[in-house]
1. Residues in segment 29-55 that are of a type outside the set (A, V, I, L, M) and at pLDDT 85 or above: how many?
2. From the residues in segment 591-612 that are open to solvent by 20 Å² or more (accessible area, probe 1.4 Å) and among the aliphatic types (A, V, I, L, M), which one is nearest to S641 (Cα to Cα)?
3. Residue under question is F527, and the condition is that it be modelled with pLDDT under 95 and touching a Leu at 6+ places or on another chain (Cβ under 8 Å); does it hold?
4. Go through (1) within 30 Å of L580 (Cα to Cα); (2) open to solvent by less than 10 Å² (accessible area, probe 1.4 Å); (3) modelled with pLDDT of 85 or more and name the single condition L345 misses.
5. What tally of residues in segment 394-439 results from selecting those that are without any contact (Cβ under 8 Å) to a residue 60 or more places away in the chain, open to solvent by 50 Å² or more (accessible area, probe 1.4 Å) and either over 30 Å from E545 (Cα atoms) or not charged (D, E, K, R) (or both)?
6. Just to be sure I understand, how many residues within segment 82-108 are more than 24 Å from R514 (Cβ to Cβ) and either in contact with a Ser or Thr (Cβ under 8 Å, 6 or more places away or on another chain) or open to solvent by 10 Å² or more (accessible area, probe 1.4 Å) (or both)?
7. Go through (1) in contact with a helix residue (DSSP H, G or I) (Cβ under 9 Å, 6 or more places away or on another chain); (2) more than 30 Å from W640 (Cα to Cα); (3) modelled with pLDDT of 95 or more one by one and return the number of the condition V165 breaks.
8. Among what's in segment 25-59 and is basic (K, R) and assigned to a helix (DSSP H, G or I), pick the residue that is surrounded by the fewest Cβ atoms within 10 Å (Cβ to Cβ).
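The values are calculated or read from the model by the stated rules, or taken from the named source; none is laboratory data. The model shown is predicted, which means the values in this text are computed figures rather than measured ones. Positions of Cβ are backbone-derived with ideal geometry, glycine not excepted, and every protein chain shown enters the neighbour counts. Note: areas computed on protein heavy atoms with side chains; ligands, DNA, RNA excluded. Shrake-Rupley method; radii C 1.70, N 1.55, O 1.52, S 1.80 Å.
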Amino acid sequence: MSDNPGRGSIGEVAHTMEVAGRLRPPTRASDEELRDRLRVLPPDFARSDQALASFLIDLRELADRRIGLRPYDVQLQAAAAMLRGVSVEMATGEGKTLVGALVATGLVLGGHRVHVLGANDYLARRDADWMGPLLRAVGISVEAVTSAADQTTRRAAYRAEVTYVPVSEAGFDTLRDRLRLDPADLVGIGHDAAIVDEADAVLLDEARVPLVLAGEDARRAGTDTELAVFVASLAAGTDYTVDPDRRTLHLTEAGLRRVEQRFAVADLFGADADLLTRVHVALYAEELLRRDVDYVLDRGRVRLVSRSRGRVEALQRWPDGLQAAVEAKERLAPSAGVQILDQLLISDLIGRYGRVVGMSATLLPAAEELYELYRIRCAAVGPNRACIRRDEPDRLGRSADERDTAAVGLVADLHRSDQPVLVATQSVAESDRFGSLLAAAGLTPAVLNAKNDAEEAAVIAHAGRPGQITVSTQMAGRGTDIRLADGVAELGGLCVVGLGRFPSHRLDLQLRGRAGRQGDPGRSVYFVSPDDDLVVENGDAPAGELDDAGLRALVEHSQRAAEARQQDLRRLSARYGRLLATQRDQFLELRHAVLTADRGLDELQLLIPDRMACLVDQIGDQPLRRSVRVVVLSSLDRRWSEHLAYVTELREGIHLRALAREDPLYEFNRLVQAAYAPLIDRACAEAAGLVERAPVRDGGLDLDAVELYRPGATWTYMVTDDHFGSEWERIGRFALRHLR
């Protein structure tokens, strides 16, 4: 074991499996004999080196027969490590899908029900279909859940022993089950064991993304076009200032006066503070959210672009005010207003599983943080064939234009020799712009970005052909390998070109990993300049002209600063989320008791015993139990939704407590605890009042005659948390700046 608590070791198990493989002759057992041998295992096989090695060697034979894939030794080593609870780093193209199936088999035979958590619908369906014959050959049931699945399909899928499901869908089904009024409606997702693909992206980069279950709220709908026109007239530097990292802005005294004059108000920090908040949000939308960078317009709708994946996130939106402000900026019809019924952070979803292991091409750089936040240990498994890709030093430009000119020149040179090129950019606008530069140079690139990601499979299928030029936004988590066409290896393989370093070194490595898969030749190079967003937003402006060494150091420093800020924000987010998570667990425990037992009936019999006794004689015990369950659950859900709204509003301004020499975290926890303390009692009292007022009709309580709380249409979405104006960004920046 390494001195680093986040690092695991697989050396001993790997050696045992190698010895077992050499000593054991090729099996002549039938499929049925292999299956029986696999299913009759000692309970501690994952702790016994010899039993684990024998299990995996038999499973390799079955995989070869049933799906035509014979796991390499390194894949067996990776599976062994994961069955021992160690997450693994495997290079791109080394067969993580098969490893996941081997691990799922071992976990099921060890008594677990397994969710294989992936990035999207396509991968969930593909992997379930691909690996299904192997799992079923061992007698294991396997299903997939996608966003298109209805409730019946989902319920059946979660009853399978292995379920392939996107992370977001697992979260949304968890949320939907929290709002059920009848136990028969539960899909019963369960959270036993999880295998997480692209684990560092899910557990770190996306961990703070809230998955939201919302109801329509007409009171919150609408956009303020007048306000959008006004903020567009404000002058940067005069009416407002933008922080160097372009993540927040502030009205100046002159700007505040313009707001007061335009809207005829006198106290922007008192009675009219709501107007000031709306002005700031509108200004965020106008100045800091950029079309074709942070979002695209698609058929009259604003669609967000994932910063880490470079693709449209169909299920994401900003919080209501910012969403409406962007719609007003673009002069679009307003989307429906939202009332949050419940929400779940991806990190909290993962935390609900009793056993979690993951795999990714870039785990080790994140090992310490993964151990700190999740107690997950990581280890690296070497490639089946040595990587011979050449990773070249960064090429430097004194400006973005000089950087791009040099990059176009390299692409043209490679194209003349028929070597395929993948150019990675960091936004839709940049991919379109660089594609135009290549076209102006007489080249014909295929451009893959959030505007045309439906064409992804076809574009990627051609990316390894001779002379092919592909321009793409970030490639992480796309789940598709670039395979070289015949003769391309002799040309040098795929060349990956990055325009500017990414905000995380792990993303840089993921991009480089698109070349040189499975021992193929390849090369990678980044072009950087002091104008890159990474440097502008995170680097210290140089006093004079930089030499080459100085520019390289500035780029490296900027990337480290970006990574450090994100780590700080994740830690801060975890600290602010602990109390609410505890309250949610307490609330859900009570709600489950009301849903599945008689807890609600017991509470009301204490509060209104005479009315309850009377109702039993009028309408009978069982109908009364059903009515009481609905009333109590509805009252609990209303109070919880109100509590979430209060916590969200509190979080928006809690950082200002530091100005009064108060600890924002302490004050936040104090106020959240005070708000939650009477929640259950108030919900029960409300339910009692409804039951007392509800008339008896047709053998039951007429709940339509009272103000029973139920949301209208409900839907799920993801709130993007890492855009300008996010409350966690504001809390983090303020706290890190003023409280250190």
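1. Within segment 29-55, the subset of a type outside the set (A, V, I, L, M) is 30-33, 35-37, 39, 42-45, 47-50, 54-55.
Those still in the list that are at pLDDT 85 or above too: 30-33, 35-37, 39, 54-55.
The number of residues fulfilling the criteria is 10.
2. As a first pass, look at segment 591-612 and keep what is open to solvent by 20 Å² or more (accessible area, probe 1.4 Å): 592-593, 596-599, 602-603, 605-607, 609-611.
Cutting the leftovers down to among the aliphatic types (A, V, I, L, M) gives us 593, 597, 606-607.
Values: A593: 19, A597: 23, L606: 25, L607: 23 Å.
Result: A593.
3. Working: modelled with pLDDT under 95: no; touching a Leu at 6+ places or on another chain (Cβ under 8 Å): yes.
Spelling it out, it is not the case that F527 is modelled with pLDDT under 95 and touching a Leu at 6+ places or on another chain (Cβ under 8 Å).
4. Exception for L345: condition (2).
5. 6
6. Within segment 82-108, residues that are more than 24 Å from R514 (Cβ to Cβ) and either in contact with a Ser or Thr (Cβ under 8 Å, 6 or more places away or on another chain) or open to solvent by 10 Å² or more (accessible area, probe 1.4 Å) (or both) number 4.
7. In the conditions (1) in contact with a helix residue (DSSP H, G or I) (Cβ under 9 Å, 6 or more places away or on another chain); (2) more than 30 Å from W640 (Cα to Cα); (3) modelled with pLDDT of 95 or more, V165 misses (2) alone.
8. Start the filter on segment 25-59 by keeping residues that are basic (K, R), which leaves 28, 35, 37, 39, 47.
Now narrow it down to the ones that are assigned to a helix (DSSP H, G or I): 35, 37, 39.
Numbers: R35: 18, R37: 16, R39: 13.
Per the stated criteria, the residue is R39.
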